[in-house]
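The structure under discussion appears below in the form of structure tokens.
Read-outs: derived from the displayed coordinates by stated rules, not from any lab. What you see is a predicted model; the values in this text were computed from it and never measured.
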Amino acid sequence: MTMKLVNQLYHHYKDQLVGDEEDAAIIVSGILESLAKDDLLAMIQELEREELYEMLGRYMVDQLREMMTQEGVGKHDGWPASEEGDLH
């Protein structure tokens, strides 16, 4: 059902889309907000293992990326940090 729903949404809105991620986010948010928790869980139950893996994988990567951005992880020049700013 999930992929079928995605195909239906795409064909319904494709003439109104400009092709950016914001379009997809608006459509998906509207649909998800209208569904009850039981409906969402039913959709998840219908997923194949690969689809579930992809969904959770993307979610986890997105959450890790967000945490790294908030913490400033990876925002260095490659040199070890020292308290005095000098290399020893």
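So what are region 1-43's ellipsoid semi-axes, whole angstrom, largest first, if each one is the square root of 5 times an eigenvalue of the alpha-carbon gyration tensor?
Numbers: eigenvalues 84, 29, 10 Å².
In descending order the semi-axes read 21, 12, 7 Å.
Note that region 7-17 has calculated 3J(HN,Hα) couplings of 4, 5, 4, 4, 5, 6, 9, 4, 6, 9, 7 Hz, one per residue in order, obtained from phi through the Karplus relation 6.51 cos²θ - 1.76 cosθ + 1.60 (θ = phi - 60°); glycine and proline are x. Here region 21-74 was treated as a single set of alpha-carbon atoms; its pair distances binned every 5 Å from 0 give 4, 16, 14, 22, 23, 11, 6, 2 percent.
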